[in-house]
Structure formats: C-alpha cells, structure tokens
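Please read the structure below before turning to the comments.
We did not get these values from a lab; they are worked out from the coordinates using the rules stated. Not measured: the values here are computed from a predicted model. We place every Cβ from the backbone using ideal geometry, glycine too, and count neighbours over all the protein chains shown.
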Amino acid sequence: MTQETLKADIKALLKERNAVLLAHNYMRDEVQEVADITGDSLALSIEAAKTDAEVIVFCGVHFMAESASILAPEKTVLLPRLDAGCPMADMVSVEALREMKSQFPGVPVVTYVNSSAAVKAESDICCTSANAVKVVQSMSEKEIIFAPDRNLGSYIARFTDKKFHLWEGYCPTHERLRPEVVKELKQANPDAPFVCHPECNPKVVELADHVCSTTGMYDYCKKSGAKRFIIGTEAGILWRLKRENPDKEFILASPALICPNMKLTSLEDVCEALQHMKPVVKVPEDIRIPAKRALDRMLAIPRD
Ligand code: 13P
Ligand code: SF4
C-alpha cells in the first residue's frame with residue numbers, strides 16, 4: 001500500500017472513530033504529515049485534556065500516552081506501538097524515588113513529564129522542557145528533588161537559587177551529541193546560531209546560543225534573522241522546521257540524534273491501531289488521581 005493510500009485510510013478511520021491524531025515533533029515525517037496536531041510534550045498534554053474527540057491516537061512514546069490517559073480518563077487512548085518507551089523515563093522507579101525522598105524528608109519532588117505515571121504519582125509537581133524554569137520558580141521551597149533528567153535539572157538550576165538534588169537520569173539520544181562536534185560545527189558555520197534542547201549534556205548546552213523545548217525551536221528559528229541554524233535535538237524536528245522556513249537552512253548537529261523509540265511508529269501501525277482499537281493505554285485510578293494532581297499543578301502555572 002502506498003503512503004498516500006495509508007494516509008487516506010487513516011483520515012477516514014479517524015473520522016469514523018471520532019478520533020484525533022496527536023504526534024510529537026520527533027515522529028517520522030509521514031506520521032507528522034497525517035497528524036491533526038503536532039507539538040511538544042506540553043502542547044500535546046493540553047490538547048489531550050481539551051479535545052472533544054472520543055479517541056486519542058498518540059504518536060509518541062509511552063509516557064505521553066499515559067499523560068493523555070491521566071488527563072482524559074473518559075477517552076480511549078491508543079498508542080500504536082506499545083514498545084515505544086523512553087529510556088530516560090525508565091531510569092527512575094517508584095521504589096528508588098521513595099528511597100531518595102526518605103533521604104530528604106519534606107523536600108518536594110519536581111518530575112519531568114518523561115517519567116511513568118506511577119513516578120508522577122509520587123511527585124509534587126511535573127514540568128516539561130517548555131515550562132521547567134517557571135515550575136521551579138513557582139515553588140516556595142528552597143530545596144527540590146529533580147527527576148529524572150540531570151541535564152534538564154542542571155540547566156534550570158541556573159535560573160534559581162534553590163538547592164537541587166538531581167536524579168542521575170539522562171536521554172541517551174541527546175547525550176550522544178558531543179561538545180567537540182558542536183565546537184567544530186560552530187567554527188565551520190559562524191553565521192549559524194546553535195540551538196539545543198536542555199536534555200543535551202551541560203557541556204553542549206554551554207555552547208548554545210539558545211536553549212529551548214522542541215516547540216521553542218520552531219518559534220526561535222522562525223523569528224530569528226539568521227538564515228542557517230545548527231540544531232541540537234532529535235532529527236524529527238527538521239521536517240516542520242524546513243516546511244515552515246523554506247528559505248532557511250538547518251544543520252543537524254549529529255547524525256546520532258535519532259531516538260529509536262520515536263521512530264518506531266509507522267503509518268501501518270497507526271492504521272492498524274485505528275482498525276482494531278488497540279493497543280490501549282489506561283492508567284489505573286489509584287495511580288491516575290495522584291499523578292493528575294502533579295500534572296494539574298503544572299498546568300495551572302500561567303504560560304507566556
Ligand atoms: P519536548 O518536551 O520538548 O517535547 O521533549 C520531549 C522529549 O522527549 C525530548 O526528548
Ligand atoms: Fe526519551 Fe530521549 Fe527519546 Fe525523548 S528523545 S523519548 S527523552 S529517549
């Protein structure tokens with residue numbers, strides 16, 4: 001079956017099932033093309049919470065579909081590839097987090113949304129890369145536990161005088177980008193600002209002209225007067241960057257910036273998920289309620 005036929009079948013099934021297709025900015029190009037909405041983790045959580053559709057087809061990784069199920073329990077959430085996980089989210093378990101909490105009694109836990117629903121349920125508040133600074137600044141406590149991304153945590157620690165107890169997790173995809181490679185690219189392309197995601201190693205973040213979430217990159221590159229950019233995040237971001245800025249050039253900082261989990265979902269998988277209405281991701285109520293509290297606290301913080 002051609003991609004065009006598959007896309008037409010998906011569109012028809014979405015209508016038939018009263019479903020909305022949400023795709024993360026790192027998805028394969030053809031999946032982003034057929035999506036109703038593309039966005040970063042924050043934008044997609046908000047869409048999941050407010051959509052009128054009965055079914056949410058989440059093209060992303062497992063924790064994102066869980067967030068949709070937490071925020072919209074009355075809807076059916078489909079994750080076309082159940083094996084699309086996030087290795088960083090898997091670096092923190094409930095038991096290990098409880099152990100850390102017991103070492104710092106009374107210290108609140110700020111958890112990056114790249115985490116399981118069960119870990120969110122153990123947390124005081126969530127954040128995404130788009131709102132992490134605001135979330136931490138909104139807290140009155142002088143000390144926080146930040147999990148699971150040590151790179152995002154050390155980046156936002158710069159913007160507050162709070163004491164951070166960092167979990168030692170990281171994104172294997174972003175961690176593959178080495179500072180030496182970025183330095184060489186910057187020397188070879190002095191006109192091109194280097195824009196990176198805060199999941200990159202702090203030595204890479206230090207070299208950045210701008211640090212932001214995936215959606216932040218679309219805004220920055222669109223508004224910037226520069227004509228060329230060095231991009232330090234997962235390769236999937238290039239599709240929309242190029243489409244929205246046909247007159248600009250985007251240089252991916254490394255060919256290693258590919259998240260295998262984000263690349264699993266194909267058009268065939270989306271079509272099959274809609275045909276058979278599975279795999280479904282459903283967070284049980286005893287986890288959903290406390291996890292929702294942490295997500296709601298985050299969503300209550302005003303955005304720009
Ligand atoms: P965003 O929050 O920027 O969408 O990033 C999510 C993610 O998984 C980055 O690796
Ligand atoms: Fe997880 Fe990194 Fe993949 Fe994002 S890019 S889903 S943080 S492994």
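Brief remarks on what is shown
- Hz values of 3J(HN,Hα) by residue in the stretch 15-32 - Karplus curve (6.51, -1.76, 1.60), Gly and Pro given as x: 5, 4, 8, 6, 10, 10, 9, 9, 10, 6, 4, 9, 5, 4, 3, 5, 6, 4
- Across the stretch 1-95, the mean sequence separation of Cα contacts (distance under 8 Å, 6 or more residues apart), normalised by length, yields a relative contact order of 23 percent.
- What the Cα convex hull of the stretch 1-88 gives, in volume per residue, is 92 Å³.
- Applied to the stretch 159-173, the Karplus parametrisation 6.51 cos²θ - 1.76 cosθ + 1.60 on θ = phi - 60° returns per-residue 3J(HN,Hα) values of 8, 9, 9, 6, 8, 9, 9, 8, 6, 8, x, 6, 8, x, 5 Hz, with x for Gly and Pro.
- Ascending count of other beta-carbon atoms within 10 Å, so fewest first, for 26, 155: 155, 26
- Between the amide H of residue 114 and any residue lying 5 or more places away or on another chain, no distance stays under 5 Å, with hydrogens modeled in the peptide plane.
- Rounded Å value of the spacing that divides the Cα centres of the stretch 87-131 and the stretch 237-304: 20 Å
- Residues whose amide H comes within less than 5 Å of that of residue 125, counting only those at least five positions distant or on another chain, are 109, 111 (H built at 1.01 Å from N in the peptide plane).
- Prolate/oblate/rounded label for the chain (Cα gyration tensor, a/c 1.5): oblate
- For the chain, adding -39500 (n - 2.57) for each run of n ≥ 4 DSSP H residues and dividing by the number of residues yields -12000 deg cm²/dmol at 222 nm.
- Computed from backbone phi, the HN-Hα couplings of the stretch 146-157 come to 10, 9, x, 8, 5, 6, 4, x, 6, 5, 6, 4 Hz, rounded to whole numbers (Karplus: 6.51 cos²θ - 1.76 cosθ + 1.60, θ = phi - 60°; Gly and Pro given as x).
- Charge dipole of the stretch 98-174 about the Cα centre (unit charges at C-beta), most positive-ward option of 169, 116, 131: 131
- The chain: relative contact order as a whole-number percent, Cα under 8 Å and 6+ apart: 23 percent
- For the chain, the dipole from Cβ point charges (+1 on Lys and Arg, -1 on Asp and Glu) about the Cα centre works out to 560 debye, to the nearest 20.
- Hits among lysines - C-alpha to C-alpha of residue 292 under 30 Å, sequence gap 8 or more where chains match: 15, 50, 75, 101, 120, 134, 142, 162, 163, 263, 278, 282
- Here the translational diffusion coefficient of the stretch 222-293 follows from Stokes-Einstein with Rh set to the Kirkwood radius across Cα pairs; for 37 °C and 0.692 mPa s it amounts to 207 µm²/s.
- The lysines whose alpha-carbon is closer than 17 Å to the alpha-carbon of residue 227, local same-chain residues fewer than 8 away aside, are 186, 242, 248.
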